[in-house]
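The values are calculated or read from the model by the stated rules, or taken from the named source; none is laboratory data. Not measured: the values here are computed from a predicted model. As a convention, Cβ positions derive from the backbone with ideal geometry for all residues, glycine included, and neighbour counts pool all protein chains shown. Keep in mind that these areas ignore ligands, DNA and RNA; they rest on the heavy atoms of the full protein, side chains included. Shrake-Rupley method; radii C 1.70, N 1.55, O 1.52, S 1.80 Å.
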Amino acid sequence: MPYTSNDIKRVEEKWQKYWSEKKIFRSAMDAGKQKYYVLEMFPYPSGKIHMGHVRNYTIADVIARYKMMNGFNVLHPMGYDAFGQPAENAAIKRGVSPSDWTYKCIDDMREGLKRMGFSYDWGRELATCDASYYKWNQWIFLKMFERGLAYKKSSSVNWCPSCETTLANEEVINGQCWRCKNEVVQKDLDQWYLKITHYSESLLEDLKKLNNWPSRVIAMQENWIGKSYGCDIYFKIKNHNDTITVFTTRPDTIFGATYVTLAPEHPLVKKISKGTPHEKSVLAFIEKAANTAKSLRMSGEERKEGVFTGAYAVNPVNGEEIPVWIGDYVLMEYGTGAIMAVPTHDQRDFEFARQHKLLMRVVIKDPANPNATPDTMAKAFEDAGVLVNSKQFDGTSNEEAKKKISDWMTAQKIGKGSVHWRLRDWLISRQRYWGTPIPMIYCKTCGVVPVPENHLPVELPKNAPITGEGGSPLAKVKEFVNVKCPKCGKDARRETDTMATFFDSSWYFLRYTSAHNSKEIFDVKEAAYWMPVNQYIGGIEHAILHLLYSRFFTKFLKDLKLISASEPFDRLLTQGMVLKDGEVMSKSKGNVVDPDEVIGKFGADTLRMFILFAAPPEDQLEWNPAGLEGNWRFVNRVWNAVEFRYTRGAAAQGPMDEQDKKLELERNAAIKRVTESMEGGFKFNTAISGIMVLMNAIDKYQPNPGDARKAALLDKAIETTVLLLAPFIPHVAEELWQMMGKKDASVAFIAWPQFDEAALVTDTVRIAAQVNGKVRGEFVVPRDADEAVLRPIVLADEGVQRHVAGKEIKKFIVVKNKLVSIVV
RNA sequence: GGGCAAGUGGUGGAAUGGUAUACACGAAGGACUUAAAAUCCUUUGGUCGAAAGGCCUUGAGGGUUCAACUCCCUCCUUGCCCACCA
C-alpha cells in the first residue's frame with residue numbers, strides 16, 4: 001500500500017509517542033561532545049499555533065535534527081513568553097483569570113507543537129508567568145538596582161486619559177490608544193528605567209562581531225543606537241546667568257546661527273520668558289505641545305510651529321545677540337533639547353525661519369550656485385562647500401572646518417567636541433496586572449527600599465480586580481500593597497507597577513540551560529557549556545527591541561561574572577512571513593490557513609516539507625495548495641520506493657556498468673548538494689531539490705529483477721534518500737527506516753551520510769564551446785583535456801566551423817572541464 | 001529624507017564570473033481505466049523557420065571581460081525598517 005491519509009495519523013502519532021516516551025531529545029551537558037544550541041524565539045501563548053509559528057519552528061527543527069545526525073550534542077528547548085496584555089483583555093472581556101486563560105493557551109500551544117513533530121527537550125519547558133521564572137526577573141532587577149542600572153525618574157510618557165494607564169510606544173496607533181481609540185497625551189510620571197545606555201558603546205561596537213547576522217538587522221540596530229559625533233556649544237543668555245548648551249553635528253555652520261530653538265519642555269523656557277510680553281504665548285505653546293500626542297508631534301508634519309521667548313542668546317563666535325525661540329520640532333529627548341538654527345544650511349531651520357520671518361545668512365558657498373542669497377534660496381543648502389562669512393575660517397572646506405572650528409571652540413572654552421546617542425534608557429514600568437511585580441518598597445522613613453533577595457519572589461496576587469480602568473490593578477489589592485519596611489519594620493507600600501514583558505524575554509535563553517534551578521538564576525557551568533546560542537531563529541519584527549535588550553542583558557550578566565559570552569546569539573536567521581494571496585496571513589484579513597487542517601489532510605511531514613521547499617527561509621512564502629500537493633506526491637514516491645523496490649538483499653559485489661556508475665554518481669552528488677545547502681546557510685529549498693534529483697535518478701534506474709548486485713546498489717541509494725530526508729520529514733523517515741528492517745531504534749541519531757569525492761569524478765566531461773561569447777557547440781571530452789587535445793576536436797565541429805571558417809582565431813581559452821572560448 | 005533588501009519563464013524559485021531558467025507547481029498531449037481519481041510517459045522562456053538552424057531574453061541604460069543574473073556606474077520600480085535625531 002502506498003502512504004495513504006490513513007497512514008498519516010498512524011505513523012505520525014506512533015513516532016510522536018515514541019519520541020516522547022523514550023525522551024530521546026533530552027539533552028545533557030557532555031564535555032566530550034561538541035554542543036550546538038539551536039533556539040527559536042519562544043511564542044506568546046495566544047491559543048493554537050499559526051503558520052508563522054510552523055515556519056519558524058520547522059526551520060529550527062530541521063537544523064536541530066541535522067546537527068544531531070552530524071554528531072553534535074544539541075540543545076533545542078521550548079517555552080512560553082507568557083506575560084502580556086492579551087491575557088488581561090481576555091479577563092476583561094470574558095471574566096476568566098489571566099492565569100487560567102494563559103495556561104489553557106499554553107496547553108493548546110504545546111499540543112500543536114507536538115503534532116508538528118518538533119525535536120524539543122520538553123524537560124526544559126518554561127513559562128515566564130511562573131513565579132519560579134519571574135523570581136529571577138526580580139533578582140536581575142535588584143542586581144541592576146544595586147549597580148545603579150535600574151533607577152526611577154520622572155519623565156514624559158504616553159498616557160491614555162480614558163484607560164488611565166501609560167502605554168508603550170507600540171501601543172499607540174496614529175496617536176490613539178490601541179484599545180479605546182482615544183487621543184494619547186504626554187504626562188509626567190515617576191517610572192522605572194533600565195540604564196541600557198551604560199552599554200551604548202559596546203552594544204554598537206560588538207555589532208561588528210556579529211558576522212552571521214543579517215546585515216539589515218545590524219543596520220537597524222546601528223541606526224537605533226545612533227551614535228553621532230559633533231559639538232556642544234555654549235550660548236549665554238542676555239541678562240541672565242544661564243547658558244544654553246546646544247548640540248550640533250555641523251559646527252562648521254556656527255557663523256550662520258541666527259537664532260536658537262529650545263524644545264517646549266526645556267527647563268530654561270519658563271525662566272527666560274518670565275516677565276516678558278511673550279510669557280503668555282510661551283505658556284500656551286507649552287501647554288499645547290504637552291497635549292499633543294508624541295507620535296503626532298513626531299510624525300514629520302511639514303509645518304513647524306513655534307513662538308519667541310522674549311530672550312536673546314549670545315553667539316559665542318561673533319558676539320551676536322540672537323533670539324531664543326521654542327519650537328515643536330526640537331525634541332527634549334535628543335541631544336541637549338536645544339539647537340542652534342542655521343536656516344541656510346538645515347532644511348527644518350529653513351522652513352521655520354521662512355515661516356516666522358527670521359534672519360538667515362549664507363556661510364557655505366554652494367559650488368553650483370555661488371551667488372545664492374537667503375532671498376533667492378528655494379531650500380537649505382546642506383551639501384559640501386567652502387566657508388564664507390566665517391571670519392578666520394573663510395575659504396576652508398566645510399568638512400575641514402568641522403574639526404577646526406570644534407578644536408578652536410574647545411580651546412576658547414565656548415564649546416566642546418562631543419558625542420550624542422539616540423539610544424535612550426528603557427522605561428519598564430507598566431500599570432498592568434499580568435507581568436512581573438517590580439520588587440521595590442516605599443517607606444516614609446527609609447525611602448525606596450529594595451525587597452531583600454530572600455523574600456523573592458514577590459508573587460502576583462491572584463485576586464486583583466481587572467477592569468481596564470482606574471490604573472494599576474495591583475494598587476487595589478490591599479494585602480499586596482501594604483507591607484512592612486524591610487529596613488525599619490514600619491508600615492510601607494509596595495511598588496504596584498509591573499515590568500514590561502520584554503524584560504522576561506531578555507534572558508530566557510540562559511534559563512533554558514538549567515530551567516529548574518531553584519537556587520540560582522541558572523547553573524554557571526551549564527551556561528558556560530551551552531552559551532552562546534549557535535543559531536537563533538525568529539521574525540524580523542524583533543530586530544531592534546528583543547534582540548537589543550537580550551544583548552544588553554547578556555552584557556550585564558557578563559559583568560556579574562555569571563557568563564563569559566559577551567553576545568547571546570552567534571548566528572541569526574530571520575524567517576520571512578507566510579502570505580496568502582499576496583497578503584500576510586492574519587485573522588483580521590480572514591486569510592489564515594489552519595495548520596491543523598493541513599496536518600489532518602497531508603500530515604505534518606508534508607506541511608514541513610512544503611514550507612521549506614517553497615522559498616528560501618528568509619524570503620516571504622506564498623501559500624500554494626498545489627505546491628503542497630506536489631510535496632505530498634513526493635513523500636509518496638519515496639514511500640513507494642521503499643515499499644516496492646527496496647529488497648533488503650545482502651550486499652553483493654561486482655564491477656559497475658555505466659548505469660550503475662550513474663546512480664552512484666547521483667547518490668554522491670546528492671549528498672554533496674544537500675550537505676552544502678545546509679552548511680552554506682541552511683538553504684532548505686535547494687537541499688530538498690537535491691534530494692528530488694536523486695529520487696528522479698532512482699526512478700530511472702530499472703535493473704532486471706533478480707540482479708542481486710544492482711538491487712544492493714538500489715537499496716543503498718534508497719537508504720541515502722531516507723537519511724537525507726530524515727531532518728525534513730522525521731515521522732515518515734522513522735517509519736521507512738523501520739520498514740527497511742533497520743535495527744536502530746530511531747533514525748534521528750544515525751550518522752549523516754558522507755559522499756565520496758572519487759565517485760564524483762567521471763572519465764569524461766561535457767563541455768561547451770563558445771565563439772565570440774556565444775555557445776556554438778557541446779562536446780564530451782576526456783577529463784582534464786588541455787588545449788592540444790581540445791583544439792582539433794572543437795574546430796572539427798560543424799557548428800563551430802560555421803562561425804569560425806575563414807576568420808582568424810585570435811584567442812583560444814580553455815576553462816578545464818567547463819568550456820572553451822574562441823575569439824575570432 | 002536616511003538605511004537595508006529585492007527585481008530571472010505562466011507561478012514559486014535555481015545558478016556569486018564559465019552551457020541562464022536546476023527542482024517543483026501549473027498547462028498541453030499521450031498511456032492505463034467502462035469512467036474518474038491516482039500513477040506513469042512526452043512537451044513546455046520568447047520569436048522566425050517545414051527542418052537544419054537563426055535571432056532575442058535575468059527591471060532599464062552604459063561600462064569592465066574571451067565570457068556578466070553575478071563585478072562597476074547611472075536610473076526606474078517594489079517591499080521592509082527608521083525618521084522634525086540637530
**Fill in**
Calc'd 3J(HN,Hα), the range A:202-219, phi into Karplus 6.51 cos²θ - 1.76 cosθ + 1.60 (θ = phi - 60°), Hz, glycine/Pro = x, comes to 6, 4, 6, 4, 6, 4, 5, 7, 8, 6, 9, 9, x, 4, 6, 5, 4, 4
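Please list the three semi-axes, largest first and in whole Å, of the ellipsoid equivalent to the range A:420-508, using sqrt of 5 times the eigenvalues of its alpha carbon gyration tensor.
Working: eigenvalues 104, 68, 35 Å².
Semi-axes from the Cα gyration tensor: 23, 19, 13 Å.
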**Message:** What number results when the radius of gyration of the range A:222-342, computed over Cα atoms, is divided by 2.2 N^0.38 Å?
**Reply:** 1.05
**Request:** May I ask for log10 I(q)/I(0) of chain A at q = 0.06, 0.08, 0.09, 0.10 Å⁻¹, from a Debye sum over the Cα atoms as equal point scatterers with solvent left out?
**Result:** -0.58, -0.90, -1.03, -1.14
**Item:** Summed residue charge, Cβ within 13 Å of residue A:624's Cβ, Lys/Arg positive, Asp/Glu negative
**Value:** -2
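How big is the Kirkwood radius of the range A:550-634, worked out from every pair of different alpha carbons and given in Å to one decimal?
Evaluated on the range A:550-634, it is 15.6 Å.
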**Message:** Show me the ranking of peptides A:667-676, A:270-279 by mean Cβ neighbours inside 10 Å, starting with the highest.
**Reply:** A:667-676, A:270-279
**Request:** For the range A:26-127, would you read off the P(r) tail past 19 Å as a percentage of all alpha carbon pairs?
**Result:** 47
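Could you tell me how many cubic angstrom of Cα convex hull volume the range A:652-770 has per residue?
Spelled out: Cα convex hull of the range A:652-770, divided by residues, is 142 Å³.
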**Request:** Treating each Cα of the range A:729-824 as an identical point scatterer and ignoring solvent, apply the Debye formula and state log10 I(q)/I(0) at q = 0.22, 0.25 Å⁻¹.
**Result:** -1.05, -1.22
**Prompt:** If you find the alpha carbon centre of the range A:554-627 and of the range A:50-81, how far apart are they in angstrom?
**Reply:** 11
**Request:** Take the Cα atoms of the range A:665-714, find their three principal axes, and give me the spread along each one in whole Å, biggest first.
**Result:** 43, 15, 11
**Prompt:** To the nearest µm²/s, what D does Stokes-Einstein give for the range A:711-754 at 10 °C and 1.306 mPa s, using the Kirkwood radius over alpha carbon pairs as Rh?
**Reply:** 152
**Asked** For the range A:179-249, what percent of Cα pairs sit more than 17 Å apart?
**Response** 70
**Prompt:** What nm distance separates the two modelled labels at residue A:30 and residue A:817, each placed 7 Å from Cα along Cα→Cβ?
**Reply:** 3.7
**Asked** Computed from the mean reciprocal separation of all distinct C-alpha pairs, what Kirkwood hydrodynamic radius does the range A:26-73 have, in Å?
**Response** 12.3
**Item:** Gyration tensor over alpha-carbon atoms, the range A:288-414, equivalent ellipsoid semi-axes in Å
**Value:** 27, 19, 14
**Item:** Between the range A:379-393 and the range A:671-718, the Cα center-to-center distance that results, in Å
**Value:** 69
**Prompt:** Can you give the direction-averaged projected area of the convex hull of the alpha-carbon atoms in the range A:481-549, in nm²?
**Reply:** 7.3
**Request:** Taking the Cα atoms of the range A:350-466, report the difference between the largest and smallest coordinate on each principal axis, in whole Å and largest first.
**Result:** 74, 37, 25
**Complete:** Sorted on mean Cβ neighbours within 10 Å (highest first), peptides A:440-450, A:677-687 come out as A:677-687, A:440-450
**Asked** Alpha carbon centre of the range A:798-824 versus the range A:185-206: separation in Å?
**Response** 67
**Message:** If packing is taken as the average count of other Cβ atoms within 10 Å, what order do A:53-62, A:751-760, A:87-96 fall into, highest mean first?
**Reply:** A:53-62, A:87-96, A:751-760
**Item:** Heavy-atom accessible area per residue - chain A, 1.4 Å, Å²
**Value:** 45
**Complete:** Taking a ≥ b ≥ c as the square roots of the eigenvalues of the Cα gyration tensor, with a/c under 1.5 meaning rounded and otherwise prolate when a/b exceeds b/c and oblate if not, the range A:68-177 is oblate
**Message:** Going Cα to Cα from residue A:270, which aspartates and glutamates come in below 15 Å? Please leave out same-chain ones fewer than 8 positions away.
**Reply:** A:242, A:279, A:287
**Prompt:** Which value results for Rg/Rh of the range A:406-471 when Rg is the Cα radius of gyration and Rh the Kirkwood radius based on the inverse mean 1/r?
**Reply:** 1.30
**Prompt:** Using the C-alpha atoms of the range A:631-686, what convex hull volume per residue, in cubic angstrom, is computed?
**Reply:** 121
**Message:** What are the extents of the Cα atoms of the range A:413-570 along their three principal axes, in Å, largest first?
**Reply:** 58, 47, 35
**Request:** Would you work out which of A:636, A:578, A:671 lies farthest towards the positive end of the dipole of chain A, given +1 charges on the beta-carbon of Lys and Arg and -1 on that of Asp and Glu, about the Cα centre?
**Result:** A:578
**Alpha-carbon gyration tensor eigenvalues x 5, square-rooted, for the range A:759-804, Å** = 21, 11, 8
**Normalised per residue, the volume of the convex hull around the Cα set of the range A:580-717 (Å³)** = 124
**Prompt:** Which percent of the accessible area of the range A:631-745 is formed by carbon and sulfur heavy atoms (probe 1.4 angstrom)?
**Reply:** 53
**Complete:** Over all directions, the range A:298-371 yields a Cα convex hull whose mean projected area in nm² is 6.3
